[in-house]
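The values are calculated or read from the model by the stated rules, or taken from the named source; none is laboratory data. This is a predicted model, so every value here is computed, not measured. Please note: Cβ atoms are built from the backbone with ideal geometry, for glycine as well, and neighbour counts cover all protein chains shown. These area figures cover heavy atoms from the full protein model, side chains too; ligands, DNA and RNA do not enter into them. Shrake-Rupley method; radii C 1.70, N 1.55, O 1.52, S 1.80 Å.
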Amino acid sequence: MNPKAEFQKSIKSLCHRHRLWQVFSDFCEMAAISIANSVSIGPERDAREQQYMQIVGRYERDEPKALGKMLGVVASGLELMDCDFLGESFMELDLGSDWGGQFFTPFHLCSAMARLQMGSDARQTIENRGFVTVSDPACGAGAMVMAFAKELYDQKINYQKTMHATCVDVDATAAHMAYIQLSLMHVPATVIIGNSLTLETREVLYTPAHIMGLWSQKLRRGCAIGASSIPEAQEPMELSVGDQADLFGEVA
């Protein structure tokens, strides 16, 4: 059984007492909390742990174990970097109607857009600055950022060291989906649950790659250690996705 079919079968197997959309949402939140708490400490970690236990309390004794195993299935499905695993599963499970008609852009279209936007400027910026930043103000499950990472990978550029993403979505489940997938792909990223139009921020999650790669320091510095100097007249390049991509400003 392929990973996507296995994932969807596991989701449906837990629906005898819960609605499908609830199981999917709970899985995404539990997985996001597990990943985030593996690289964080302090009050926010404790609050997330309490939320995790509240979700676990909705399920029978052995059911949370099945939810845990599903994260490994997602990781297997992302190995080839050729799909938006959670976004496509969301659509194939016909969950869009439960989230107000939400629709995720197919991954092949995201890949085409990434190729068009990347160009030679990205490589030049990476050579000068050491990295390039990507922003998506309505990230959904993170497919556009995943496509940018795949494009860099196809160009023999290590996106794990040369790309940082800032992703925002007003829907918590969508943001959790993006956070899970970007974390499993080891993409350095900041994922914000909030509103790009009003600048509301409800929660900020950092992927393990962001924490372990010391990206907060890199972004404040504006370049990687050892990068060639950038002329004052040259603005650091940010690849933006969507018309509202600059509302949060240049992350560096």
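Figures for the structure shown
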read-out	value
Selection count where residues are in contact with a strand residue (DSSP E or B) (Cβ under 9 Å, 6 or more places away or on another chain) and closer than 17 Å to residue 179 by Cβ, scope region 147-158	2
Residue 125, sole failed condition from (1) under 17 Å from residue 188 (Cβ atoms); (2) β-branched (Val, Ile, Thr); (3) open to solvent by 20 Å² or more (accessible area, probe 1.4 Å)	(3)
Given (1) in a helix (DSSP H, G or I); (2) of a type in the set (A, V, I, L, M); (3) within 30 Å of residue 9 (Cβ to Cβ), number of the condition residue 81 does not satisfy	(1)
Test: residue 72 is over 21 Å from residue 8 (Cα atoms), in a helix (DSSP H, G or I), free of Cβ contacts under 8 Å to residues at least 12 places away in the same chain and among the small types (Gly, Ala, Ser)	no
Residues satisfying the stated conditions in region 1-57, i.e. open to solvent by 60 Å² or more (accessible area, probe 1.4 Å) and either outside any helix (DSSP H, G or I) or within 19 Å of residue 87 (Cα to Cα) (or both)	1, 2, 6, 9, 12, 16, 17, 19, 21, 38, 41, 57
Selection within region 58-81 - over 19 Å from residue 182 (Cα atoms) and either among the aromatic types (Phe, Trp, Tyr) or open to solvent by 40 Å² or more (accessible area, probe 1.4 Å) (or both)	58, 59, 60, 61, 62, 65
Some residue of region 101-118 being closer than 15 Å to residue 171 by Cβ, open to solvent by 80 Å² or more (accessible area, probe 1.4 Å), part of a loop (DSSP other than H, G, I, E, B) and hydrophobic (A, V, I, L, M, F, W, C)	yes
In region 15-41, the residues that are more than 14 Å from residue 95 (Cα to Cα) and touching a Ser or Thr at 6+ places or on another chain (Cβ under 6 Å)	35
